Amino acid sequence: MANDASAVFDTLSPAVSKGSLADPFTPPADSALWRKNFLLGAATASYQIEGAVDEDGRLPSIWDTFSAKPGKVLAGDTGAVACDHYHRWEADIEMLASLGLEGYRLSIAWPRVMDAAGVPNRKGLDFYKRLLNRLKEKGITTFVTLYHWDLPQHLEDRGGWLNRDTAYRFADYADLMSRELAGTVDAWATLNEPWCSAYLGYGNGHHAPGLANDRFATQAMHHLLLAHGLAVPVLRANDPASQKGIVANIGRGTPNSDSAADQRAAHLFEVQHNAWILDPLLKGAYPQDLFELWPGTEPLVLDGDMETISAPLDFLGINYYFRTNVASDGAHGFRDVPLEGVERTQMGWEVYPDGLRDLLTGFKKTYHNLPPIYITENGMASDDQVTDGHVDDTQRISFLKRHLAAVDQAIKAGVDIRGYFLWSLMDNFEWVFGYERRFGVVHVDYSTQKRTVKRSAELVAKFLKERKARA
Ligand code: GCO
């Protein structure tokens, strides 16, 4: 069971609990992170933590189907149990609150709250109502993602995101959820990382549903963004007091040499990772360079679609993890050129905080209507082990400090960044890497479901406590 969350401060490792000033996390005094209105929280997602995949009428999702296929997920792991959050949510929220985190980003499992005919599932709805009401009772700001990849399988059976109708079904789902949860959600994000859903799910097949065709990727992306655009006015009508936005993962691509070909390759990398999503949302048009990279893959776009997609946003969620070094592939694209001698995480991702700062300051120049930004995911995976009841995740502490410094630099450069969510509150199902890759600031022993607060979380809690005392 979860450790006694209320005793978090009693478990602080000696170096921290004695109030050591030079702890390795606390930001410098002039950092914008000391502003009391800068929201600091943690994030999770339904399929990655809930488990209970066959309980209370939840229907199968594409990730239940995909992870059950041999060879798709490391060690054959699935989200069937995960962190058993569906049953342990009260202790998990206690733990979140005891760390002093001010915000919590969660996602709703579409298959848990509606059936194939669109009929609401009361038990599923009640789970999220209880969870959100408890968060509000504790004064925690709630960021709710409607779609974090767990598409109902019955919709995939009818074409999934290749079927335009799925966008309209998503708007119906957004209508139900915003009517049911209005007043408990401070910010709605329609989608999490459409790039992953479209490219990994339909482009290279590495993620559910596992289709691989560039043409599929661009059409799936169009229907995902259309779903977003159809949902935003519905959310506005049903829950006017909340913020509406979307969450995009962004990629920093750097050229392997100063050659024009490699510079072009880095540009095309960032078109494929960033402009493919941000241009439709903020400019109402796809970047034409994308179709240099993928000739002949223009999606079918109907009249009015781009106006729908570029509905004004209250915020843009940004997920950032690493930099990719690229060179020309000698044709019309790019290829990864992994750098030697750089710091990497358990995922093999390069630690590169400057990429976050540089992308954000670049977006401010590129998009005149760039909405306020929340860093909705940032963090790293490490092979964390519990020793004498503690987890000394030194690299994560350093990673977080450096990326928060990059956020501060972007703010000082004029980027309107209003908050930051750790990925993740707890270790969880890391998609095709299963449970081996640990992103949490809280360790989960999957054999006992015991939660152990890692030193990174202790230091974040200490900073938040100091910040609150100064307010
Ligand atoms: C993503 C997803 C998360 C991942 C995290 C680490 O950004 O890919 O939102 O679900 O677990 O990013 O890969």
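The values are calculated or read from the model by the stated rules, or taken from the named source; none is laboratory data. Quick caveat, the model's predicted, so the values are computed rather than measured. Using ideal geometry, Cβ is built from the backbone for each residue, glycine included, and neighbour counts are taken over all protein chains shown. For accessibility, only protein heavy atoms count, side chains too; no ligands or nucleic acids. Shrake-Rupley method; radii C 1.70, N 1.55, O 1.52, S 1.80 Å.
Some values worked out for this structure:
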{"quantity": "Lys450-Asp314 FRET efficiency (beta carbon distance; Förster radius 30 Å; 0.05 resolution)", "calculated": "0.20"}
{"quantity": "Sites excluded, trypsin sites (Lys or Arg not before Pro) in DSSP loops with at most 10 other C-beta within 10 Å, longest stretch of the chain", "calculated": "37-471"}
{"quantity": "1.4 Å probe accessible area per residue over the chain, in Å²", "calculated": "36"}
{"quantity": "Surface share of carbon and sulfur [accessible, 1.4 angstrom probe, percent] for the stretch 214-259", "calculated": "53"}
{"quantity": "Using distinct alpha-carbon pairs, which all enter the 1/r mean, Kirkwood radius of the stretch 5-470 in Å", "calculated": "22.5"}
{"quantity": "Cleavage-rule hits (GluC sites (Glu not before Pro)) in the stretch 313-404: DSSP loop, at most 10 neighbouring Cβ within 10 angstrom", "calculated": "Glu340"}
{"quantity": "Chymotrypsin sites (Phe, Trp or Tyr not before Pro) restricted to the stretch 321-353 and DSSP loop, no more than 16 other C-beta within 10 Å", "calculated": "Trp349"}
{"quantity": "Links that overshoot a 30 Å alpha carbon limit, given the list Lys364/Lys454; Lys72/Lys365; Lys129/Lys450; Lys136/Lys465; Lys138/Lys454; Lys69/Lys450", "calculated": "Lys364/Lys454; Lys72/Lys365"}
